[in-house]
Amino acid sequence: MGLSCGWYLNGCKCGERVEKLINYQGDIRSLHEFNFDGVKIDGCGRQRNQTYYAQLMQESGKNYTIENCHWGDCTSSDDSSCPTQEWCPFNWYRTSGDINSGAMSWFENLQTTIKFQDYNAPLSQPGCWAYPDMLEVGRVAAPSSVASSFLTWNRAHFAAWCIVSAPLILGLDVTDAPALEAILDIIGNKEAIKVNQQWAGHPGMLVDNIIAPPTPYAPGGATIPSSSAGDFDVSGGGSIRSSRGDEMSSGAANIRTGNPGGTATIRIGTGIIGKGHKLATLTMQFRYVAGYTPPAGQTKHAPVVTIQLQDEATGKTVSTVFTSPPLGNFSYDHFTQYSPPVLVRAHNLDLDNDSPLVLAMVVQNNDRNLQIPVDDLAAGFDIKVTWDAAAAPKANQQVDATSGVFGAGQLWAKKQPGGASAALLINHGSQPINNYQVNLAMLNLTAASYNVTDVWNVTKPFTTTGNFQLTVAPYDSAFLLLTPS
């Protein structure tokens, strides 16, 4: 049929526990005998020496493509998922954990490529490509706060893999005709694929992080956005993944708080600003399921959640307004429902708010971790704040925070031949990015003028002699090719 076919080594369903040379040798002997063309080497078995595998393949007399699927784990040995300038016995390497069809999974995986994209000496390059896992185009759930964004958000995912030179490997059922029909214009876009395939000295990289302005003072109080995956910044081993849904949550975005023993920090929103005012009250709620139930006769210390207000600039804790009891009464493995809402009611805070404060949920996992649903079918975490009405704004101070950009997003770029560049502006927030200024100097573009082509709509090019503005709807992207005129 003219197809190339690869094989999957070290699968996790039947992981070998002891490293043996005979297993390395048998793997490659069988690979050759079965006439496979490539191999994916996962991280579950003990045969993880990439140099030895590549040596055996070379000695077999056949040229194979090799995917190193060790989940972005960087070590000093031959089992590393991370190349160096001198060592890369594989063709592409996983920079991340497994992707899924949740709304933010692909975007989180995209971030794992950044450390391999140094401007002067990138580690993603021809013959050794950084790979944030297979494409989920056609399967990515629309963030439910903007349900109409299914196609635009899937399109942004495809463009992101193009802009960072990731291998374009489809991850959907290609016999599902309706699903395939819906995305043919995306995965068959020749200009997008050309951006991915061309090499002009760099694989593509993050150029600018766009931060939404803080929630500003309002006389009657304000609501902090918390109903979309893009409203949360999760660190400390935590992540946002798809999981179980119910009447309050679509399941497209659940916050997982990392491994037992770890501490995850979940920053919510982009800060709160009330110049000349004191923050007075904070109310919110969240639900959870805890990690696996301890076996009979054993006890495990359940996770504890604290709610903090932190200085946005420094991350320093200004006030801890709530500490939960151990949260272990509702377990993932015996799931019947999420917990009832855990209510947080903090009054008389009296916190200076001249500088932005950010709301943070800090989860000490102890012996178990948590899943916290983003209740996107309800009101999210329903976070509301008020300021002291008795305080008057200080003289000559502006109360409202203003910005030319209202949403939150990222600008990525990849060099193209002939002094051209591709640029991708991704809006990963629930509000539009308005009038974002594309700075040609930031893209290292120095020609007198450029023809600008929209990759998604090549019939409407325009010419620019300097910086220009873009507006991008929530969960959408602008994918442009800038070519010297």
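A few remarks follow.
- Members of segment 324-345 found to be modelled with pLDDT of 95 or more, over 17 Å from S249 (Cβ atoms) and surrounded by fewer than 12 Cβ atoms within 10 Å (Cβ to Cβ), listed by number: P325, L343, R345
- Annotation: of all residues in segment 469-485 being over 30 Å from I268 (Cα atoms) and modelled with pLDDT of 95 or more, the one that is farthest from the chain's Cα centre (by Cα) is P484.
- Some residue of segment 424-431 being at pLDDT 95 or above, over 19 Å from H157 (Cα atoms), touching a helix residue (DSSP H, G or I) at 6+ places or on another chain (Cβ under 8 Å) and not assigned by TED's automatic domain parsing to the domain that holds V137: no
- Residue match in segment 176-189 (condition: within 26 Å of D454 (Cβ to Cβ), in a loop (DSSP other than H, G, I, E, B) and more than 21 Å from the chain's Cα centre (by Cα)): yes
- Residue match in segment 302-316 (condition: crowded, with 18+ Cβ neighbours inside 10 Å, on the phi < 0 side of the Ramachandran plot and of a type in the set (D, E, K, R)): yes
- Here the condition is being within 24 Å of the chain's Cα centre (by Cα), surrounded by 15 or more Cβ atoms within 10 Å (Cβ to Cβ) and closer than 23 Å to S4 by Cα; of F150, F158, it holds for F158 alone.
- Residue check, R94 basic (K, R), outside the structural domain of L424 (by TED's automatic domain parsing) and more than 25 Å from N10 (Cβ to Cβ): no
- Checking C12, C44 one by one, the residue that is modelled with pLDDT under 90, within 17 Å of D98 (Cα to Cα) and surrounded by fewer than 14 Cβ atoms within 10 Å (Cβ to Cβ) is C12 and no other.
- Single residue of V18, V39 found to be farther than 30 Å from G230 by Cβ, touching a residue at least 12 places away in the same chain (Cβ under 8 Å), surrounded by 13 or more Cβ atoms within 10 Å (Cβ to Cβ) and hydrophobic (A, V, I, L, M, F, W, C): V39
- Filter pass, V304 being touching a residue at least 12 places away in the same chain (Cβ under 8 Å), farther than 11 Å from V358 by Cα and assigned by TED's automatic domain parsing to the domain that holds R267: yes
- Answer residue from segment 89-138, given it is surrounded by 22 or more Cβ atoms within 10 Å (Cβ to Cβ) and over 21 Å from G204 (Cα atoms) and is modelled with the highest pLDDT among those: G138
- Residue selected from segment 409-437 under the condition out of contact with any Ser or Thr (no Cβ under 7 Å at 6 or more places or on another chain) and among the hydrophobic types (A, V, I, L, M, F, W, C), by the criterion farthest from G271 (Cα to Cα): A422
To keep it simple, each residue is scored yes or no on (1) more than 13 Å from N10 (Cβ to Cβ); (2) modelled with pLDDT under 95.
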site: F34; (1), (2): yes, yes
site: R48; (1), (2): no, yes
site: T51; (1), (2): yes, no
site: Q55; (1), (2): yes, no
site: N68; (1), (2): no, no
site: W71; (1), (2): no, yes
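- Any hit, segment 370-392, residues being surrounded by fewer than 17 Cβ atoms within 10 Å (Cβ to Cβ) and of a type in the set (S, T, Y): no
- Residue in segment 344-356 that is among the hydroxyl-bearing types (S, T, Y) and without any contact (Cβ under 8 Å) to a residue 40 or more places away in the chain present: no
- Flag for A264 being crowded, with 21+ Cβ neighbours inside 10 Å, under 20 Å from the mean Cα position of the chain (by Cα), within 30 Å of L123 (Cα to Cα) and in contact (Cβ under 8 Å) with a residue 60 or more places away in the chain: yes
- Candidate set: segment 145-161, residues that are free of Cβ contacts under 8 Å to residues at least 60 places away in the same chain and not aromatic (F, W, Y); chosen: the one nearest to P203 (Cα to Cα): H157
Yes or no, residue by residue, for (1) buried (at least 23 other Cβ atoms within 10 Å of the Cβ); (2) touching a Lys or Arg at 6+ places or on another chain (Cβ under 6 Å); (3) part of a loop (DSSP other than H, G, I, E, B); (4) at pLDDT below 90:
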position	(1), (2), (3), (4)
G230	yes, no, no, yes
N259	no, no, yes, no
T270	no, no, no, yes
L282	yes, no, no, no
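The values are calculated or read from the model by the stated rules, or taken from the named source; none is laboratory data. Bear in mind that the values here come from a model prediction, so they are computed numbers and not experimental data. Every residue, glycine among them, receives a Cβ derived from its backbone with ideal geometry; neighbour counts consider all protein chains shown.
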